[in-house]
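Right, one structure below, let's go through it.
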There are 2 protein chains.
Amino acid sequence: MNLPSPYLLFIGNATDPLSIKMAKSAADWSPDMCVGEFALPGCTVTTGLPLMSIEEGAQQGAKAFVLGFANSGGVLDPVLVDSIITALENGMDIINGLHDKLTDIPEVAAKAAELGRRLIDIRHPTTKFKTGKGEKRPGKRLLTVGTDCSVGKMYTTLSLAKAMQAKGIKATFRATGQSGILVAGEGIAVDCVVSDFISGSVEALCPANDEDHWDLIEGQGSLYHPAFAGVSLGLLHGSQPDALVICHALNRDHMRALPGRPLPGLEDVIEMNLQAGRITNPNIKVVGVSVNTSSVSDEEALAYCQSVTEKLGLPCVDPIRHGVDALLEALE
Amino acid sequence: MNLPSPYLLFIGNATDPLSIKMAKSAADWSPDMCVGEFALPGCTVTTGLPLMSIEEGAQQGAKAFVLGFANSGGVLDPVLVDSIITALENGMDIINGLHDKLTDIPEVAAKAAELGRRLIDIRHPTTKFKTGKGEKRPGKRLLTVGTDCSVGKMYTTLSLAKAMQAKGIKATFRATGQSGILVAGEGIAVDCVVSDFISGSVEALCPANDEDHWDLIEGQGSLYHPAFAGVSLGLLHGSQPDALVICHALNRDHMRALPGRPLPGLEDVIEMNLQAGRITNPNIKVVGVSVNTSSVSDEEALAYCQSVTEKLGLPCVDPIRHGVDALLEALE
């Protein structure tokens, strides 16, 4: 999936910063691919990029109008549909990160067909994949894996990519979810692939490469999450990683969407990922731990990371507070 | 997915017994749901059921025409399409176990629409599933898991269901692949579900039940198969099995479709399934081993099974040669 850019980020009438995570990811990580944001009256949040009208976005060269907000109701508000139509009329393709397909909105489908614009549902892969082979490919690969969903795997992977590229190391971020795909402009939403092809789709995402090139692959879910572990395992086998970074969110009460189910311990997550990962890469190693420590103070964050390092003998950082140099050193 | 029956089993112009495995499964395990078979000139194999014309099948009450053969070319021979049209004209719905969708054949789609018949692609689930919850449900569950694909998981599961039902134990076979779905008349092709919903679809397949009821769930793939392990893990989490039966094929040279990759040892398969299975059922147990010993003599088969029992302390049988009573005893 290759996306047209630059983007005009549409954040609708959102009032919850978390609900525009997708637009914010693109603004934070790929500002060069964004001309600005477009919001409706009532919107109280921002990506931090310049606010502009759809017409202004078009004048600044926007090729795609990105629906970068969450849509809890399941049905698009008519006022949002009007904006999509206006963007189509202003020459933009539409990039949709919502579950619902744009082609299912007759008005939008008709206008796009009339004007010859693309409606790109990035959660719905259209490629036909092969089943996985498990054969070792040239090139080096790193995968972020988690104790849970939404613990910072994308953020950690992007931080590593940026840091490695800054040092002149050949490194490519490989996106596996809708926010990552928007940031990278390409990728595969692995959780939307037909289950027979999970690892096969990941093999297609990070094919054979130069021996000194690193694919930095965004993980999904957790081997310990009863809803999504199958996706995580297919990702692990398809990535055949040389290196794992374990991602964790401090003080999370329970696994995502499953009240009462505590998060697994770091040791268990390491052990299960290594055991399963050896099936496609016998030399797999854990190089470090990345923790979202936003729930505690600087001092507590540092103390927690140090305690992990002492216990596991691995570097442990919060990428925002401490950077990822300690992880890179372990990788080298 | 609920299938119309009885079936007329269409085996085309097949010459390889393995290529009609789906039709043969229905004939072997659900003969009461089949009126007979229909073959074209040149066909040299049989399901063992009476050969008849499509018209005779209709007279005997067939409600569905089952495409029960493999289709290596990917495109249906025009002579096969003619038979499908004739079956539609004789009042039957069409059940398709091939990868290609029947609705993609314009002639078939038009005729079915004209006559109001159903085209049922059993590899393509149409249900919308929820993501898995991992909550323990009432009722007991058994899952067959494998050292590899195609090692006898469906056969073992059906053997257990038949034996338990004969003893008056409440037991239901739960189909997860196209052959099993045809045998049971219902089920979910788990390897065709979108990967976010693997375990959720299995939770829907074997919902809460009587405390003394057994769901006997057909496994798929293997945690050790790099192409399909994600499916196997989602099945394991969604089934939350109380009991596992490990399935194996003796003297198989390499993992299915992966020359050079040896099968894992039984101990490794047991350990990895128990470890992962504890996430949704901490009391999961392995009750026995089921082996396809068709590659060796009766004496060698018995010696192999005895050696497994001595080594692992678990009953080990070939369901065809020895029946499954030893597994049932271990279950009780």
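The values are calculated or read from the model by the stated rules, or taken from the named source; none is laboratory data. Small disclaimer: the values here were computed from a predicted structure and weren't measured. So basically every Cβ, Gly included, is an ideal-geometry build from the backbone, and we count neighbours across all protein chains shown. Protein only, heavy atoms only, side chains kept; ligands, DNA and RNA dropped before computing areas. Shrake-Rupley method; radii C 1.70, N 1.55, O 1.52, S 1.80 Å.
What number, rounded to the nearest 500 deg cm²/dmol, is the helix-based mean residue ellipticity at 222 nm of chain A, given -39500 (n - 2.57) per DSSP H run of at least four residues and division by all its residues?
So the helix-based figure for chain A works out to -10000 deg cm²/dmol.
Over the range A:88-240, what is the relative contact order in whole percent, taking alpha-carbon pairs under 8 Å and six or more residues apart?
Relative contact order for the range A:88-240 comes out at 28 percent.
Tell me whether the range A:7-121 comes out rounded, prolate or oblate; compute the Cα gyration tensor, take square roots of the eigenvalues as a ≥ b ≥ c, and use a/c under 1.5 as the rounded threshold.
oblate
Considering only chain A, what is the antiparallel percent among its DSSP beta bridges, to the nearest 5?
Rounded to the nearest five, the antiparallel share is 0 percent.
For the protein assembly as shown, what is the percent of antiparallel DSSP beta bridges, rounded to the nearest 5?
Counting only bridges with both partners in the protein assembly as shown, antiparallel ones make up about 5 percent.
Looking at the range A:140-331, I'd like the Rg to Rh ratio, where Rg is from alpha-carbon atoms and Rh is Kirkwood's inverse mean 1/r.
My calculation puts Rg/Rh at 0.94.
Quick one, what does Rg over Rh come out to for the range B:1-64 if you take C-alpha atoms and the Kirkwood Rh?
Dividing the radius of gyration by the Kirkwood radius yields 0.95.
Set the Förster distance to 25 Å, then compute FRET efficiency between residue B:208 and residue A:254 from the Cβ-Cβ distance, nearest 0.05.
E between residue B:208 and residue A:254, to the nearest 0.05, is 0.65.
All other residues with a Cβ under 10 Å from the Cβ of residue B:213 taken together, and with Lys, Arg as +1 and Asp, Glu as -1, what is their net charge?
-1
How would the range A:135-181 be classified by its alpha-carbon gyration tensor: rounded, prolate or oblate, with rounded meaning a/c under 1.5 and the a/b versus b/c comparison settling the rest?
Since a/c reaches 1.5 but b/c is at least a/b, the shape of the range A:135-181 is classed as oblate.
What angle, in degrees between 0 and 90 and rounded to the nearest 10, separates the Cα long axis of helix B:106-115 from the longest principal axis of the Cα atoms of chain B?
For helix B:106-115, the angle is close to 80 degrees.
Report the Cys residues of chain B lacking a disulfide-compatible partner, meaning no second Cys Cβ under 4.7 Å from their Cβ.
B:34, B:43, B:149, B:192, B:206, B:247, each lacking another Cys Cβ under 4.7 Å.
Take residue A:329 and residue B:60, extend 7 Å from each Cα along the Cα→Cβ direction, and tell me the distance between the two endpoints in nm.
Result: 7.7 nm between the two label points.
If you take each beta carbon of peptide B:187-195 and count the beta carbons of other chains within 10 angstrom, what is the mean?
Mean partner-chain Cβ count within 10 Å for B:187-195: 5.
Would you tell me the mean number of C-beta atoms belonging to other protein chains that fall within 10 Å of each C-beta in A:124-134, as a whole number?
The per-residue average across the peptide is 3.
Take the alpha-carbon centre of the range A:141-165, take the same for the range B:121-172, and report the distance between them in whole Å.
Spelled out, the Cα-based centre of one part sits 36 Å from the other.
Can you tell me how the range B:226-322 classifies by the Cα gyration tensor, rounded, prolate or oblate, using a/c under 1.5 as the rounded cut?
Judged from the Cα gyration tensor, the range B:226-322 comes out oblate (a/c at least 1.5, b/c at or above a/b).
Can you say what percent of the DSSP beta bridges in the range A:140-331, counting only those with both residues inside, are antiparallel? Round to 5.
0
Compute the whole-percent fraction of alpha carbon pairs in the protein assembly as shown spaced more than 35 Å apart.
So the pairs more than 35 Å apart make up 48 percent of the total in the protein assembly as shown.
Hey, can you rank B:226-238, A:5-17, A:288-300 by average C-beta count inside 10 Å, highest first?
Going by the mean number of other Cβ atoms within 10 Å, highest first, we get B:226-238, A:5-17, A:288-300.
Enter the accessible area of residue A:268 (Å², nearest 10), with the probe set to 1.4 Å and all protein chains included.
80
Where does the charge balance sit around residue B:76 when Lys and Arg score +1, Asp and Glu -1, over other residues with C-beta under 12 Å from its C-beta? Write out the running numbers ahead of the final one.
On the way: positive: B:101; negative: B:77, B:82, B:100, B:104, B:107.
Every neighbour counted, the sum reads -4.
Return one number: the angle in degrees, 0 to 90 and rounded to the nearest 10, between the long axis of the Cα atoms of helix B:266-277 and the longest principal axis of the Cα atoms of chain B.
Result, in degrees: 80.
Let me check against my output: what whole-number percent is the relative contact order of chain A, with C-alpha pairs under 8 Å and at least 6 apart?
For chain A, the relative contact order is 15 percent.
Could you compute the net charge surrounding residue B:140? Neighbours are other residues with a C-beta less than 13 Å from the C-beta of residue B:140; K and R count +1, D and E count -1.
0
7 Å from Cα along Cα→Cβ at both residue A:79 and residue A:135: what's the point-to-point distance in nm?
Going by the 7 Å Cα→Cβ label model, 5.6 nm.
Cα axis of helix B:229-239 to longest principal axis of chain B: angle in degrees, 0 to 90, nearest 10?
Relative to chain B, helix B:229-239 is tipped by roughly 80 degrees.
So what does the Cα-only Debye profile of chain A read at q = 0.09, 0.11 Å⁻¹, as log10 I(q)/I(0), no solvent term?
-0.48, -0.72
Determine the order of A:100, B:325 by accessible area, beginning with the largest, at a probe radius of 1.4 Å.
Numbers: A:100 65, B:325 85 Å².
Listed by decreasing accessible area, they come as B:325, A:100.
Once each part is reduced to its C-alpha centroid, what is the distance from the range B:230-257 to the range A:47-104 in angstrom?
45
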